[in-house]
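Colleague: Sharing a structure, written as structure tokens. Questions coming.
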Amino acid sequence: MKKMKSSSAKAIMLLLAVLYSAAPAMAKSNNSVSGSVTVTGLVEKPFTITPTSVKAMHTIERENSAIVCGSGETRKTLKTYKGVLLRDILDSAKVTMPNPHQRGEFAVLVRSTDNYNVLFSYNELYNGSAGDNTFLIFEENGKPIDKDGLFVVFCSNDKLTGLRHVKWVNNIDIIKVDAGNPAVNCKK
């Protein structure tokens, strides 16, 4: 009888251990994958990008990029990737900017379902080299992205590409900072 209780207890403990260790992965897969990316904020034409609609956009294929984290370690190598320039997405949405002299106050916030969000300035996307190298990617190494969500954003010419490598992208939000007021949380 004791042996049977011991075996049952071990089986229950093993089951609990498996469930406990799988819970984060299950939560990630259920809550983090978004089937689309909404383009919102200060735009004339908000729209939604889906795995089907992105293929109708002007796509670009590139080769040989690495996702390099802050420590300098290469986390992932992309032999090929296919995506849409973030700047082209903004052009499709038609950013609302009544005063072009305020373009330095506009930014693009790329949001993800896991709350790893990244900010790009409007000027760097339109007037710097980042504009030619920041993509909403939907395909890596000849296959649709699935492990990191359906869409990923990254800037291929950053020195440390991992810092602005956003997985599970679900929103691209065009915002304007209020340059007339002091920044929040800044010490004087």
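Colleague: In region 98-124, how many are within 14 Å of residue 179 (Cβ to Cβ), surrounded by fewer than 16 Cβ atoms within 10 Å (Cβ to Cβ) and out of contact with any Gly (no Cβ under 9 Å at 6 or more places or on another chain)? Break it down into steps so the answer makes sense when it comes.
Modeller: First, the residues of region 98-124 that are within 14 Å of residue 179 (Cβ to Cβ): 99, 101-107, 121-123.
Remaining after also requiring surrounded by fewer than 16 Cβ atoms within 10 Å (Cβ to Cβ): 99, 101-104, 123.
This time we only want the ones that are out of contact with any Gly (no Cβ under 9 Å at 6 or more places or on another chain), so: 99, 101-104.
Residues in region 98-124 being within 14 Å of residue 179 (Cβ to Cβ), surrounded by fewer than 16 Cβ atoms within 10 Å (Cβ to Cβ) and out of contact with any Gly (no Cβ under 9 Å at 6 or more places or on another chain): 5 in total.
Colleague: Is region 122-133 home to any residue that is part of a strand (DSSP E or B) and in contact (Cβ under 8 Å) with a residue 40 or more places away in the chain?
Modeller: The answer is no, given that none of the residues of region 122-133 is part of a strand (DSSP E or B) and in contact (Cβ under 8 Å) with a residue 40 or more places away in the chain.
Colleague: I'd like to check something: does region 28-39 contain any residue that is at pLDDT 50 or above and loosely packed, with under 12 Cβ neighbours inside 10 Å?
Modeller: So in region 28-39, the residues at pLDDT 50 or above come out as 31-39.
With the extra rule that they be loosely packed, with under 12 Cβ neighbours inside 10 Å, the set shrinks to 31, 35.
Checked region 28-39: at least one residue is at pLDDT 50 or above and loosely packed, with under 12 Cβ neighbours inside 10 Å.
Colleague: Turning to a different aspect of this structure: I need a count of the residues in region 44-96 that are part of a loop (DSSP other than H, G, I, E, B), β-branched (Val, Ile, Thr) and surrounded by 12 or more Cβ atoms within 10 Å (Cβ to Cβ).
Modeller: In the first step, residues of region 44-96 are kept if they are part of a loop (DSSP other than H, G, I, E, B); the result is 44-46, 50-52, 57-59, 69-73, 94, 96.
Checking the rest, the ones that are also β-branched (Val, Ile, Thr) come to 50, 52, 59, 96.
Right, trim to surrounded by 12 or more Cβ atoms within 10 Å (Cβ to Cβ) and you get 50, 59, 96.
Selection size over region 44-96: 3.
Colleague: Still on this structure: Could you give every pair whose Cβ atoms fall below 6 Å, whose first residue belongs to region 41-55 and is closer than 15 Å to residue 149 by Cα, and whose second residue is surrounded by 12 or more Cβ atoms within 10 Å (Cβ to Cβ), counting only separations of at least 6 or pairs across chains?
Modeller: Pairs that qualify, where the first residue is closer than 15 Å to residue 149 by Cα and the partner is surrounded by 12 or more Cβ atoms within 10 Å (Cβ to Cβ), are 49/37; 50/36; 51/150; 54/138.
Colleague: Mind listing whichever residues of region 114-147 are more than 21 Å from residue 174 (Cβ to Cβ) and not basic (Lys, Arg)?
Modeller: Let us first name the residues in region 114-147 that are more than 21 Å from residue 174 (Cβ to Cβ), namely 114, 139-147.
Of everything in region 114-147, those that are more than 21 Å from residue 174 (Cβ to Cβ) and not basic (Lys, Arg) turn out to be 114, 139, 140, 141, 142, 144, 145, 146.
Colleague: Could you please give the count of residues in region 137-158 that are in a loop (DSSP other than H, G, I, E, B) and either within 16 Å of residue 56 (Cβ to Cβ) or aromatic (Phe, Trp, Tyr) (or both)?
Modeller: 2
Colleague: Scan region 71-89 and report the pairs whose first residue is closer than 20 Å to residue 121 by Cβ and whose second residue is part of a helix (DSSP H, G or I), with Cβ atoms within less than 7 Å and a gap of 6+ or a chain change.
Modeller: These pairs meet every condition: 84/54; 86/125; 87/125; 87/126; 87/131.
The values are calculated or read from the model by the stated rules, or taken from the named source; none is laboratory data. Every value quoted in this text rests on a predicted model; they were computed, and no experiment measured them. Every residue, glycine as well, gets a Cβ built from its backbone with ideal geometry; the counts of neighbours run over all protein chains shown.
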